[in-house]
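**Q** Handing you a structure now.
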Amino acid sequence: MWAILSVLVENKPGVLFKITHLFRSRNFNIDSISVGITDNPDYSRMTITSYGDEKQIEQIVKQLDKMIDTVEVKHLDEHKTVFRELCIFKLKLSNANDSMEVNKLANAYGGKVHDVKKDSIMVEITSTPDQIKAFEELAKPFGIIDVARTGVTALQRSGA
Amino acid sequence: MEKNLINIMESMTGAKALMTAMEKEGVKEVFGLPGGANLPMYDEFSRCDIRHILVRHEQSASHMADGFGRVSRKPGVCFATSGPGATNILTGIATAQADSAPMIAVTGQVPVAMIGKDAFQESDIIGMANPVVKYAFQPRTPGEVPEVVKKGFYIAETGRPGPVLIDVPKDVQQNEAPMNFPDEFKIQGYHPWTDPDIIACEKAIEMLLNSEKPIILAGGGTIISSAFAELQSIAETLMLPVVTTFKGKGAFPENHPLSLGPIGMHGHAEANKMMAEADCVLAIGTRFSDRSVGTFEAFEKRLKIIHMDVDPAEIGKNQTTNLAVVGDVRTSLRIMVKLLLQKQIKKTEESVWFKHVRETKEYWKENLKLHPGEMGAAKILRKLREVLPKESIITTEVGQHQMWASLFYDVIQPGTFFSSTGLGTMGWGFPASIGAKVARPDVPVVDIAGDGSFSMTENSLATAVLEDIPVIVFVLNNSTLGMVAQWQRTFYDRRMVGVDQGGCPDYVKLAESYGAQGIRAQSMDELDKAIKSAISSEVATVIDIPIDPEEDVLPFVAPGTSLSDMILPS
């Protein structure tokens with residue numbers, strides 16, 4: 001299963017290293033990781049996505065919780081969570097119509113277009129990983145030059 | 001308040017603050033070796049009451065601190081310089097972590113401005129040690145030192161104990177700052193203890209009462225939390241046979257009628273048999289390591305498991321359990337004892353299961369085939385047990401002698417047997433025995449050793465002699481890396497590679513060259529005299545006992561098989 005973990009950590013040097021090292025040494029996988037400071041500068045929030053069966057995910061949560069630098073660890077239920085990822089695609093423009101087609105496609109996914117050149121264009125999409133995957137499939141025929149993704153970030157919905 | 005103000009105002013160097021903070025923690029001894037990057041801290045020994053015990057290799061300092069910590073249940077402290085000094089203690093730190101032993105390792109580091117420049121004797125010890133410490137600190141300013149020490153000791157000794165590394169850059173040791181020694185501090189993400197769940201304790205009793213073949217499996221956590229009386233009370237009240245893990249050896253008196261001894265790869269035959277037949281186990285403070293349980297799959301379908309542990313991350317890590325009781329195991333067991341009293345539950349009649357357990361125990365007592373020679377391992381270790389007072393402390397090295405000690409040396413007083421069980425560090429036992437003797441100078445301390453392991457840290461003889469720490473090294477000498485040789489005989493068709501020690505060195509002469517007593521014992525009579533002489537000796541003693549290099553440790557549960565598939569002596 002795919003799991004979104006929200007890990008509130010003390011904002012100090014070396015914590016990201018310890019978290020990633022824990023995944024490596026315990027034989028877990030990091031699918032994506034995004035880190036940023038919270039409104040309280042003492043803490044950062046890491047959003048980590050990982051794959052594993054229920055038992056493995058439970059172990060990851062427990063091992064993260066055991067770490068002294070983690071303040072709170074949550075396995076988020078994706079149905080009760082707002083989760084998004086930002087992705088930038090650089091696509092090829094080969095035909096005269098391509099620019100317009102890419103614009104249409106970007107609009108359909110709530111994306112923005114940047115850096116329009118004669119033979120390339122950039123599209124910024126902020127969505128769920130599924131939607132980004134869907135966009136990627138549709139963008140493939142144009143030719144994908146490069147992709148950069150932030151990894152998922154997430155917050156639990158109120159009352160969830 | 002006034003006193004507090006004075007504390008805040010006092011200015012001193014980081015090195016002095018470190019020593020002062022350690023004195024406040026009750027530290028009386030430090031095991032270590034000086035070098036360029038920790039000299040300011042060493043200079044403080046000349047001005048404080050902490051005793052410095054010099055080692056000949058930093059690895060030994062870490063094992064001494066570990067042995068001290070396991071016996072005293074307070075963190076032992078070791079000092080090493082930066083670079084190679086720091087990397088030399090890594091094995092000791094990893095050993096302490098694997099066996100949940102409280103330890104404070106203090107390393108010197110190059111000055112803050114030099115960090116990351118590949119300076120002379122610089123090593124990124126924080127990065128290297130990260131996976132094998134409970135926590136690591138690197139104060140960057142002298143003013144941080146008092147709180148770092150306070151937090152370090154708190155983390156090392158609370159909850160599931162473990163090693164804490166404090167890496168102190170040289171300028172942080174040298175520079176002065178106004179120091180505040182706090183009494184209180186906050187570590188937000190650290191919750192060492194959970195209150196045990198009374199309902200879970202009640203359920204545990206119910207499960208044990210409703211099963212036909214209940215058993216207790218006591219792990220190392222039982223010893224760490226000193227839950228000896230509570231364990232015995234529950235075992236006796238419910239008439240439960242007690243097996244232990246190897247780390248848990250001696251959690252329960254091994255001469256008790258309910259004791260079956262350790263299970264595992266080289267567990268007692270009766271313990272492995274009964275564990276394999278049980279239908280409900282109260283597992284206390286154990287991680288269900290592969291060496292202890294082999295493959296549990298064969299009988300876990302009918303085995304109900306109650307898992308009691310202070311570390312929530314151990315629940316379900318290696319073994320799926322039916323009931324978890326998270327919290328300090330001594331507190332949990334106390335709740336169970338209380339509930340049993342309240343409910344007036346006390347078993348007096350022998351159940352069918354109990355009779356079967358007793359008969360099995362008697363059968364194996366009579367029928368386990370032992371080495372026929374006068375100097376067989378069982379006879380040697382039983383002799384040691386016979387002569388040593390029951391309160392004596394044992395440490396062991398790692399290998400055949402260790403497993404023979406597990407099989408044939410009965411621990412009578414709980415909490416007097418210590419071994420590197422998790423990491424399996426050869427060379428641990430001798431320095432650990434020195435640390436143990438420093439913690440308990442009033443009792444004999446014996447390192448049960450093999451020649452291979454003893455070779456690894458034998459230069460600690462210098463420490464034992466010069467610092468007047470009269471420990472006893474009991475070398476079962478087969479001039480072979482015996483356990484490896486046994487695997488080569490068993491699994492590699494007797495192709496013996498890299499195991500012959502060639503009778504080198506002569507351990508009697510070696511001991512004497514350090515100024516220790518060296519005795520060779522080649523008969524039971526000589527052995528008896530040697531042990532008695534060692535106990536009354538004012539200097540450390542090495543007893544060299546030549547044994548048959550072909551003797552195997554049996555029973556033997558081959559890796560990846562079930563406890564019920566033991567290889568027995570033929």
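No value in this document is a laboratory result; all are computed from the given coordinates. All of these numbers come straight from a predicted model, not from anything done at the bench. Methodologically, a virtual Cβ is constructed for each residue, glycine included, from the backbone with ideal geometry; neighbour enumeration extends over all protein chains shown.
**Q** Any idea what % of Cα-Cα pairs in chain B are farther than 35 Å?
**A** The proportion of pairs with Cα distances above 35 Å equals 40 percent.
**Q** Moving on to the next point. If I model a spin label at residue B:24 and residue B:489 as a point 7 Å from the Cα along the Cα→Cβ vector, what separation in nanometres do I get?
**A** Inter-label distance under the simple model: 5.7 nm.
**Q** A further question follows. Below 8 Å between Cα atoms, with a sequence gap of 6+, how large is the relative contact order for chain B in percent?
**A** Taking the mean separation of contacting Cα pairs over the length of chain B, I get 14 percent.
**Q** Please give the net charge around residue B:86, taking every other residue with its beta carbon less than 12 angstrom from that of residue B:86, where Lys and Arg add +1 and Asp and Glu add -1.
**A** -4
**Q** Per the Debye formula with a single identical scatterer at each Cα and no solvent contribution, what log10 I(q)/I(0) holds for the stretch A:82-156 at q = 0.21, 0.23, 0.27 Å⁻¹?
**A** Those come out to -0.83, -0.98, -1.31, one per q.
**Q** May I pose another question? So what is the calculated 222 nm ellipticity per residue for chain B, using -39500 (n - 2.57) for each DSSP H run with n of 4 or more, over all residues, to the nearest 500 deg cm²/dmol?
**A** About -11500 deg cm²/dmol.
**Q** Let me ask something else about it. So what's the gap between the Cα centers of the stretch B:218-250 and the stretch B:377-409, to the nearest angstrom?
**A** Computed from Cα coordinates, the inter-centre distance equals 20 Å.
**Q** Restricting things to Cα coordinates, could you compute the convex hull volume per residue of the stretch B:1-96 in Å³?
**A** Dividing the Cα hull volume of the stretch B:1-96 by its residues yields 111 Å³.
**Q** Rounded if a/c is under 1.5, else prolate if a/b beats b/c, else oblate: with a ≥ b ≥ c from the C-alpha gyration tensor eigenvalues square-rooted, which is the stretch B:170-300?
**A** prolate
**Q** What Rg and what Dmax come out for the stretch B:257-375 when only alpha-carbon atoms are used, in angstroms?
**A** Cα only, the stretch B:257-375: 16.6, 54 Å (Rg, Dmax).
**Q** Okay, which of the stretch B:264-290 sit inside 12 Å, backbone N to the point 7 Å along the Cα-Cβ direction of residue B:302?
**A** Once the point is set 7 Å along Cα→Cβ of residue B:302, B:276-280 turn out to lie under 12 Å by backbone N, inside the stretch B:264-290.
**Q** When the chain is fully extended, how far beyond the present Cα-Cα distance does residue B:10 get from residue B:524, taking 0.36 nm per residue of separation?
**A** 178.7 nm
**Q** Now a separate question. Go through the stretch B:140-205 and name the trypsin sites (Lys or Arg not before Pro) that are in a DSSP coil and have 14 or fewer other Cβ atoms within 10 Å of their Cβ.
**A** Here the sparse-neighbourhood loop sites are B:140, B:186.
**Q** In addition: May I ask you to derive the FRET efficiency for residue B:47 and residue A:144 from their Cβ-Cβ distance with R0 = 60 Å, giving the value to the nearest 0.05?
**A** After rounding, the FRET efficiency stands at 0.30.
**Q** Let me ask something else about it. Could I have the simple spin-label model distance between residue A:133 and residue B:512, label points 7 Å from Cα toward Cβ, reported in nm to one decimal?
**A** 7.7
**Q** Peptide B:307-318: average number of partner chain Cβ atoms within 10 Å per residue?
**A** That average works out to 3.
**Q** Further question on the same structure: Once every Cα of the stretch A:11-113 carries one equal point scatterer and solvent is ignored, give the base-10 log of I(q)/I(0) from the Debye formula at q = 0.17, 0.18 Å⁻¹, two decimals.
**A** Those come out to -0.87, -0.92, one per q.
**Q** Let me ask something else about it. Rounded to the nearest Å, what's the spacing between the alpha carbon centres of the stretch B:340-362 and the stretch B:308-331? Just the number, please.
**A** 25
**Q** Residues in the stretch A:128-146, backbone N under 17 Å from the label point at residue A:94 (7 Å along the Cα-to-beta-carbon vector): list them, ranges by number please.
**A** Within reach of a label on residue A:94: A:137-146.
**Q** Here's another thing I want to ask about it. For a Förster distance of 41 Å, can you work out the FRET efficiency between the beta-carbons of residue B:370 and residue B:118, rounded to the nearest 0.05?
**A** Rounded to the nearest 0.05, the efficiency is 0.10.
**Q** Taking a spot 7 Å from the Cα of residue B:183 along the direction of its beta carbon, which residues of the stretch B:149-165 have an amide N less than 19 Å from it?
**A** Within reach of a label on residue B:183, which here means backbone N under 19 Å from a point 7 Å along Cα→Cβ, the stretch B:149-165 contributes B:149-154.
**Q** Distance between the C-alpha centers of the stretch A:102-160 and the stretch A:49-76? Whole Å please.
**A** 29
**Q** Going by a ≥ b ≥ c, the root eigenvalues of the Cα gyration tensor, does the protein assembly as shown fall in the rounded group (a/c under 1.5), the prolate group (a/b larger than b/c) or the oblate group?
**A** prolate
**Q** Calculate the all-directions average of the projected area of the stretch B:370-554's alpha-carbon convex hull, and give it in nm².
**A** Average projection, Cα convex hull of the stretch B:370-554: 9.8 nm².
**Q** Next question. Does the stretch B:502-570 come out rounded, prolate or oblate, given a ≥ b ≥ c as the square roots of the eigenvalues of its C-alpha gyration tensor, rounded meaning a/c under 1.5 and, failing that, prolate meaning a/b above b/c?
**A** The shape class here is prolate.
**Q** Just want to confirm a number: the relative contact order over chain A, from Cα pairs under 8 angstrom separated by 6+ residues, in percent.
**A** 28
**Q** May I pose another question? Label-point separation (nm) for residue A:114 and residue A:53, each offset 7 Å from Cα along Cα-to-Cβ?
**A** For the pair residue A:114/residue A:53, the computed spacing is 4.3 nm.
**Q** Given contacts defined as C-alpha pairs under 8 Å and at least six residues apart, what's the relative contact order of the stretch A:2-76, whole-number percent?
**A** 47
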